[in-house]
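The values are calculated or read from the model by the stated rules, or taken from the named source; none is laboratory data. Everything numeric here is computed off the predicted structure, so don't read it as measured data. Reconstructed Cβ throughout: ideal geometry from the backbone, glycine too, with neighbour counts over all protein chains shown. With ligands, DNA and RNA removed, areas are computed over all heavy atoms of the protein, side chains included. Shrake-Rupley method; radii C 1.70, N 1.55, O 1.52, S 1.80 Å.
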Amino acid sequence: MAEQPLHHLSAGHRRATPALFLDIDGTVREGRDDALGRFVNGPDDVRVFPAAVEMMRRWRAGGGRVVGVSNQGGIALGHVTPDQVAAAMVETQRQTGGLFDQIAWCCHHPDAEHPELARCWCRKPGVGLVIAASLTMSHHFGEYYPPYMGLMVGDRPEDQECAARAGLDFQWAAQWRAQADPDPAPPDPPAS
Ligand SMILES: [Zn+2]
């Protein structure tokens, strides 16, 4: 890209690094609207899209970080347990071959009875997951993540709104995965 990172803004010589923020259900793995037909409840439900893995691999090959940011309000509503959600994330990471640098999720839902479960700063379209994950990675890797270098991919309006609030470019999941071209057209037959 044309812009050069503004190194003088960064204390301690941290590297400006592109970060890819990925919604999980319906983006990286099949969700309710895909072949699964329901929410992912546990590790047995996890089916990662091969095209998503390929796109993640390309981003990592370019020197970027890959972060999952997922609303898991079923925890607050009592539909799934925190352990089930965590196990499904571990399985998601396993099926990608370990391409995630981090996966962060919100366990709250506005319809929950207790205010501790109903109110939060992390549920998308809030930007809390994006910021918290970025700070954690910055501390761990000695990098920083200028929004202009980053990208958010998702399949819901709240993902698009979260990207806008965070200053990130946004791409719809289906279009993002289509770039992987996992099933290229066969080559032309040799001329005879
Ligand atoms: Zn939350």
Review point. If we scan region 84-102, do we find a residue that is at pLDDT 95 or above, farther than 22 Å from residue 51 by Cβ and open to solvent by 50 Å² or more (accessible area, probe 1.4 Å)?
Key: yes
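Residue-wise test of (1) open to solvent by less than 50 Å² (accessible area, probe 1.4 Å); (2) at pLDDT below 95.
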site	(1), (2)
112	yes, no
121	no, no
131	no, no
143	yes, no
151	yes, no
163	yes, no
178	no, no
188	no, yes
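Go through region 103-134 and report how many residues are part of a helix (DSSP H, G or I) and within 18 Å of residue 22 (Cβ to Cβ). Can you show your working first?
Step one: filter region 103-134 for residues part of a helix (DSSP H, G or I), giving 115-118, 128-134.
Still in the running and within 18 Å of residue 22 (Cβ to Cβ): 128-134.
Residues meeting the conditions: 7.
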Check your understanding: What single numbered condition from (1) open to solvent by 20 Å² or more (accessible area, probe 1.4 Å); (2) more than 14 Å from the ligand (Cβ to nearest atom); (3) in contact with a strand residue (DSSP E or B) (Cβ under 6 Å, 6 or more places away or on another chain) fails to hold for residue 139?
Key -> (3)
Practice item. Give the residues of region 135-158 that are assigned to a strand (DSSP E or B) and among the small types (Gly, Ala, Ser), sorted by residue number. Key: 154
Point to revise | Looking only at region 23-38, and only at residues there that are out of contact with any helix residue (DSSP H, G or I) (no Cβ under 8 Å at 6 or more places or on another chain), touching a residue at least 40 places away in the same chain (Cβ under 8 Å) and in a loop (DSSP other than H, G, I, E, B), the one that is surrounded by the most Cβ atoms within 10 Å (Cβ to Cβ) | key: 31
Practice item. Test each condition in (1) open to solvent by less than 40 Å² (accessible area, probe 1.4 Å); (2) within 25 Å of residue 165 (Cα to Cα); (3) at pLDDT below 95 for residue 15 and report the one that comes out false. Key: (1)
Review point. Which members of region 60-116 meet the condition of being closer than 22 Å to residue 130 by Cβ, touching a residue at least 12 places away in the same chain (Cβ under 8 Å), away from the ligand (no atom under 15 Å from the Cβ) and among the polar types (S, T, N, Q)?
Key: 92, 96, 102
